[in-house]
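*Asks:* One structure coming up, written as structure tokens, with questions to follow.
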Amino acid sequence: QVQLVESGGDLVQAGGSLRLSCAASGSISSIDEANWYRQPPGQQRELVAQITGGGRTYYKDSVKGRFTISRVTAENTVYLQMSSLKPEDTAVYYCNVVLNYNSFWGRGTQVTVFS
């Protein structure tokens, strides 16, 4: 069992930056993948960024060039660096880790971008 705790969400002006953190209760060195999802108000949850166990990354088209996912194994933490934020980035952001085909979720952190 892996527990995940997100942090770093905030109220930020458009054009600003935030770094979200996802702290895992155990080692993330052998994860299959780590993902950041988001759920905008009244919408479905969507995949924003992914990093595989091998370090490959994937980004939703609308965040490419603005968001960067990374993981620091020594810290058991996955990060999402977000820059040039837009009001449409407003959502609850969730961390997800897949380990041995089991999926674990955090409770989310709120990001609100105002213009």
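*Asks:* Of a type in the set (A, V, I, L, M, F, W, C), within 16 Å of LEU85 (Cα to Cα) and out of contact with any Pro (no Cβ under 7 Å at 6 or more places or on another chain): does that describe LEU47?
*Replies:* Values: of a type in the set (A, V, I, L, M, F, W, C): yes; within 16 Å of LEU85 (Cα to Cα): no; out of contact with any Pro (no Cβ under 7 Å at 6 or more places or on another chain): yes.
Considered against the rule, which asks whether it is of a type in the set (A, V, I, L, M, F, W, C), within 16 Å of LEU85 (Cα to Cα) and out of contact with any Pro (no Cβ under 7 Å at 6 or more places or on another chain), LEU47 comes out as no.
*Asks:* Still on this model: Taking segment 72-89, which residues are at pLDDT 95 or above and either of a type in the set (Asp, Glu) or touching a Phe, Trp or Tyr at 6+ places or on another chain (Cβ under 8 Å) (or both)?
*Replies:* The first filter runs over segment 72-89 and keeps only residues at pLDDT 95 or above, leaving 77-89.
Result: VAL78, LEU80, GLN81, MET82, SER83, PRO87, GLU88, ASP89.
*Asks:* A further question on this structure: Name the residue, out of THR68, THR90, THR73, that is within 13 Å of LEU18 (Cα to Cα), in contact (Cβ under 8 Å) with a residue 40 or more places away in the chain and open to solvent by 10 Å² or more (accessible area, probe 1.4 Å).
*Replies:* Working: THR68 fails: in contact (Cβ under 8 Å) with a residue 40 or more places away in the chain; THR73 fails: within 13 Å of LEU18 (Cα to Cα).
After applying the criteria, what remains is THR90.
*Asks:* So which residues in segment 8-23 are assigned to a strand (DSSP E or B), more than 17 Å from SER70 (Cα to Cα) and open to solvent by less than 70 Å² (accessible area, probe 1.4 Å), if there are any at all? Spell out the reasoning first.
*Replies:* Let us first name the residues in segment 8-23 that are assigned to a strand (DSSP E or B), namely 11-13, 18-23.
Applying the additional criterion that residues be more than 17 Å from SER70 (Cα to Cα) yields 11-13.
Residue satisfying the conditions is VAL12 alone.
*Asks:* Further question: Could you check segment 34-58 and list, in sequence order, the residues that are open to solvent by 50 Å² or more (accessible area, probe 1.4 Å) and either in a strand (DSSP E or B) or more than 20 Å from VAL2 (Cβ to Cβ) (or both)? Walk me through it before giving the result.
*Replies:* Here is the first cut: in segment 34-58, the ones open to solvent by 50 Å² or more (accessible area, probe 1.4 Å) are 37, 39, 41-45, 54, 56-58.
Within segment 34-58, TYR37, GLN39, PRO41, GLY42, GLN43, GLN44, ARG56, THR57, TYR58 qualify.
*Asks:* In this structure, does SER62 turn out to be over 13 Å from the mean Cα position of the chain (by Cα) and closer than 13 Å to LEU99 by Cβ?
*Replies:* On the way: over 13 Å from the mean Cα position of the chain (by Cα): yes; closer than 13 Å to LEU99 by Cβ: no.
So SER62 fails the test.
*Asks:* Looking at segment 94-111, which of the residues that are out of contact with any helix residue (DSSP H, G or I) (no Cβ under 9 Å at 6 or more places or on another chain) and more than 17 Å from GLN3 (Cβ to Cβ) is modelled with the highest pLDDT? If you could, list the steps in order and put the result at the bottom.
*Replies:* Let us first name the residues in segment 94-111 that are out of contact with any helix residue (DSSP H, G or I) (no Cβ under 9 Å at 6 or more places or on another chain), namely 94-110.
After this cut, where a residue has to be more than 17 Å from GLN3 (Cβ to Cβ) as well, the list is 101, 110.
Numbers: TYR101: 88, GLN110: 98.
Selected residue: GLN110.
*Asks:* Moving on. Please verify whether VAL97 is within 23 Å of SER25 (Cα to Cα), of a type in the set (A, V, I, L, M, F, W, C) and open to solvent by less than 40 Å² (accessible area, probe 1.4 Å), treating the condition exactly as stated.
*Replies:* Numbers: within 23 Å of SER25 (Cα to Cα): yes; of a type in the set (A, V, I, L, M, F, W, C): yes; open to solvent by less than 40 Å² (accessible area, probe 1.4 Å): yes.
Against the criterion (within 23 Å of SER25 (Cα to Cα), of a type in the set (A, V, I, L, M, F, W, C) and open to solvent by less than 40 Å² (accessible area, probe 1.4 Å)), VAL97 qualifies.
The values are calculated or read from the model by the stated rules, or taken from the named source; none is laboratory data. Nothing here was measured: the structure is a model prediction, and the numbers come from that model. When we count neighbours, we look across all protein chains shown, and the Cβ atoms used for this are built from the backbone with ideal geometry, even at glycine. We work out accessible area using only protein heavy atoms, side chains counted, and drop any ligands, DNA or RNA first. Shrake-Rupley method; radii C 1.70, N 1.55, O 1.52, S 1.80 Å.
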